[in-house]
Amino acid sequence: MTWQVYIIRCSDNSLYTGITSDIDRRFQQHADGTGAKYFRGRSPEQIVYLENGHDRSSASKREKQIKTMTRPEKDILVSTYCNR
């Protein structure tokens, strides 16, 4: 099974990072309020970053790495993805 690491821009302009094996399903879960508790009080706006080709272990490690980045570092990561 292939896993993905993603970043979603939220309605309050914050960035949420997660992993999934089905990005469309996961985004819908967040939008429906059945995903992460982080989306209580804010809504997912757009997937702004997506990394493919991970297994569960490497996706978890990459998620942790991204979550430890500063906001400016995440903004650079997102901008390089959006400029592809």
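Being more than 16 Å from Ser14 (Cα to Cα) and open to solvent by less than 50 Å² (accessible area, probe 1.4 Å) is the filter here; which residues of the stretch 30-45 pass it?
Gly35
Within the stretch 49-63, count every residue that is out of contact with any His (no Cβ under 8 Å at 6 or more places or on another chain) and either of a type in the set (Lys, Arg) or crowded, with 18+ Cβ neighbours inside 10 Å (or both).
Final tally of qualifying residues: 7.
Residue check: is Leu15 touching a residue at least 60 places away in the same chain (Cβ under 8 Å) and of a type outside the set (Asp, Glu)?
Yes: the conditions hold for Leu15.
For the stretch 36-64, enumerate the residues that are among the small types (Gly, Ala, Ser) and closer than 13 Å to Met1 by Cβ.
Result: Gly53, Ser57, Ser58, Ala59.
Please specify each residue of the stretch 12-29 satisfying the condition of being open to solvent by less than 70 Å² (accessible area, probe 1.4 Å) and either on the phi > 0 side of the Ramachandran plot or touching a Lys or Arg at 6+ places or on another chain (Cβ under 6 Å) (or both).
Across the stretch 12-29, the qualifying residues are Leu15, Thr17, Thr20.
The values are calculated or read from the model by the stated rules, or taken from the named source; none is laboratory data. Quick caveat, the model's predicted, so the values are computed rather than measured. So basically every Cβ, Gly included, is an ideal-geometry build from the backbone, and we count neighbours across all protein chains shown. The protein model used for the area step is the full one, side chains on, heavy atoms only, and it has no ligands, DNA or RNA in it. Shrake-Rupley method; radii C 1.70, N 1.55, O 1.52, S 1.80 Å.
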